[in-house]
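Scroll down for the structure; my scribbles are underneath it.
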Amino acid sequence: MNAINKLGLKQRYALLTNGLDWEPSYQPKSAIFPYAEFEGIKIRDWSKWEDPFRLTMDSYWKYQAEKERKLYAVLDSFAQNNGQTGLSNARYVNAAKLFLTGITPAEYQAHRGFAHVGRHIPGVGPRIAAQMQSLDELRHAQTQIHTLSHYNRFFDGFHEFSHMHDRVWYLSVPKSFFDDARTAGPFEYFIAIGFAFEYVLTNLLFVPFMSGAAYNGDLATVTFGFSAQSDESRHMTLGIEVIKFLLEQHPDNLPIVQKWVDKWFWRGHRVLGLVAMMMDYMLPKKIMSWREAWDIYFTQAGGALFADLARYGLRPPKYADVATAEAEHLSHQNWSVFYQYTQAAAFHTWLPTPGEMDWLSEKYPNSFDQHYRPRFEMWAEMERDGKRFYNNALPQLCTVCQIPMAYTEPGDPTTICFRHSEHKGDRYHFCSDGCKDIFDGEPEKYSQSWLPVHQIFQGNCGGASMEEVLAWYRLNPGADNMDQAGSPDQAMWDQWMRMRDRVAG
Amino acid sequence: MAVVALDEHYADKIEIRDRVENFHGNIVVYLHWEEHLSFCSAVAFPFPPAMPFGALVKDILPATYGAHPDFAAIDWDAVRWTVDGRETAPDPARSLAENGVGHKSLLRFRTPGLHGYRGTRS
Ligand SMILES: [Fe+2]
Ligand SMILES: [Fe+2]
Ligand SMILES: [Zn+2]
């Protein structure tokens, strides 16, 4: 033990990994790593993998334990000081609900995915790195649950987050994203989650939620964000190292990797539409618009990244230009979906205030006043007349991303984009060319999609009525769903604010 | 293109979840009213294929789209329909199936002269 402590980091890492890639004597390698070859990825020499971290298990535990101590100290004081009353506004809490139901279970899925990769990748270096990432992701899920459980004592919509993740219609969007990745081979998973999600798109997920938390008084969430930050930079490094390694190892890998980059960029972009709407509509104090975040974190940062990867022959993801053009419309179209299906959402909705609409006009001069302001004004008129607008029917869903088919034609925001394919005599519908391409690449996989609306029609979701389906979701009608105005959450918040004024006055 | 799978018989073992047999005698039909995007997307229904097309117009459309101020102004004789991209003039007395509506068909209708709230396609 003492002798090991005296070794340098490099030697300790060598001891950690050496001997893990032994040559088997009585089993063929293909029996030990049965997932290694079917995807077509060719690796000539695993020993060429330069581990970018050389993190040993003992130092890993030490760093993580230190971060946990800090996090839980902040959480304790947040709870003792009734941190929930220091939020900018009760509306903010809905962003936290979306995070806990939509993102936290995805962290757990990432944990499971990396555990699988950490077992099945033949190279010992990336295998160890994937195992550590698997532990990180489990820790992220746990710390997020602990952090947000404080809000569950006061607010509705938090109580059944993992059950809801598996059942509620819009949560099938992040769920099916990870189901898709985890049912792919280990190399595709690495590119899907390690590269496309953790490297290319991660800043568009975590910066908005964590800065949003900071701007809106949610110190608890900010702290778990910090606690995950050093993990995330390790994950980004792993993602970029893996893609470079695959591209360096064999020229035949390029078309396979390119197809995955195209696919997972588009899938990630679709999932991030939920973040777009959170930034532009759900945060009482805005950080920046989705459009601005996209420009900084995708167009600029991603542009530099793909310029660098061009030397391997890799080109930027297909339909990146479509995604960039969509940034003008995405958040408005998504929030419109939730506004009209508020009866089936596990968080509250509202119309943007006149001040917020002015902010949106300023941030979206090319789209908001022309297309979306009139929509919200029409709904505001209807609210004033006591005829709040609801969509009474269930939406058509895209077979791949599983989002209601609410997106418009590239270049024409007045016409819904419809795409379809035929497969074995059946028709399948898609929201975009990006989703259609993914289906056409592997129709056998996506013809199995568990589409929430069709599952209701088939009788697999508790019954045919809205009440029965909501009960099957474990969503409490009148508390978890509907508008923020008139909700128990808002009533409680108003009472807190009255009490505070009385104390102050 | 074929699926990339470990099991070479993968394609024979899958369960296609939206086969028409799974809908208890119904077909899934999607409806979409053009230029009225305050209804965020097309909507989905399970309908018996023998249902007359006229019932869809008389019962389903008002319950679905009636909240829109344009709905009362629709001139039903002028409405233009497409079924799965084909222009068609549906016969209200005949069934959905006889009008060419199949499982997971998309019906889009356009109401000439009506362009959404204040002409904004909302
Ligand atoms: Fe994570
Ligand atoms: Fe991560
Ligand atoms: Zn889609």
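The values are calculated or read from the model by the stated rules, or taken from the named source; none is laboratory data. It should be emphasised that the depicted structure is a prediction, and the values quoted were computed from it without experimental measurement. Here the Cβ is made from the backbone with ideal geometry for all residues, glycine too, and neighbour counts use every protein chain on show. Quick note on the areas: whole protein, heavy atoms, side chains included, nothing else; ligands and nucleic acids left out. Shrake-Rupley method; radii C 1.70, N 1.55, O 1.52, S 1.80 Å.
See the values below:
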item	result
Criterion (within 13 Å of ligand 2 (Cβ to nearest atom) and either in a helix (DSSP H, G or I) or open to solvent by 40 Å² or more (accessible area, probe 1.4 Å) (or both)) met by exactly one of A:Thr143, A:Thr101, A:Thr85	A:Thr143
Of residues in segment A:219-249 being within 16 Å of ligand 1 (Cβ to nearest atom) and among the aromatic types (Phe, Trp, Tyr), the one farthest from the other protein chains (Cβ to nearest Cβ)	A:Phe226
Tally, over segment A:108-133, of residues that are in a loop (DSSP other than H, G, I, E, B) and either basic (Lys, Arg) or buried (at least 20 other Cβ atoms within 10 Å of the Cβ) (or both)	2
Residue count, segment A:218-267 (criterion: more than 22 Å from A:Lys42 (Cα to Cα), of a type outside the set (Lys, Arg) and within 16 Å of ligand 3 (Cβ to nearest atom))	2
Top-ranked residue in segment A:413-438 [being within 27 Å of A:Gln370 (Cα to Cα) and small (Gly, Ala, Ser); ranked as nearest to the other protein chains (Cβ to nearest Cβ)]	A:Ser432
Sole residue being open to solvent by 10 Å² or more (accessible area, probe 1.4 Å) and more than 7 Å from every other protein chain (Cβ to nearest Cβ), chosen from B:Pro62, B:Pro46	B:Pro62
Selected residue (only one of B:Ile27, B:Ile74, B:Ile14 is farther than 23 Å from A:Phe418 by Cβ and not basic (Lys, Arg))	B:Ile14
Some residue of segment B:84-95 being open to solvent by 30 Å² or more (accessible area, probe 1.4 Å), within 11 Å of chain A (Cβ to nearest Cβ) and touching a Phe, Trp or Tyr at 6+ places or on another chain (Cβ under 7 Å)	no
Any hit, segment A:47-61, residues being within 23 Å of A:His250 (Cβ to Cβ), assigned to a helix (DSSP H, G or I) and out of contact with any helix residue (DSSP H, G or I) (no Cβ under 6 Å at 6 or more places or on another chain)	yes
Selection within segment B:65-83 - open to solvent by less than 60 Å² (accessible area, probe 1.4 Å) and out of contact with any His (no Cβ under 8 Å at 6 or more places or on another chain)	B:Gly66, B:Ala67, B:Phe71, B:Ile74, B:Ala78, B:Val79, B:Trp81, B:Thr82, B:Val83
Residue in segment A:399-412 that is facing another protein chain (nearest Cβ under 8 Å) and of a type in the set (A, V, I, L, M, F, W, C) present	yes
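One line per residue, one yes/no per condition, for (1) polar (S, T, N, Q); (2) in contact with a helix residue (DSSP H, G or I) (Cβ under 6 Å, 6 or more places away or on another chain); (3) more than 9 Å from chain B (Cβ to nearest Cβ); (4) closer than 29 Å to A:Val453 by Cβ:
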site: A:Phe347; (1), (2), (3), (4): no, yes, yes, yes
site: A:Asp358; (1), (2), (3), (4): no, no, yes, no
site: A:Pro374; (1), (2), (3), (4): no, yes, no, yes
site: A:Trp379; (1), (2), (3), (4): no, no, no, yes
site: A:Glu383; (1), (2), (3), (4): no, no, yes, yes
site: A:Asn391; (1), (2), (3), (4): yes, yes, no, yes
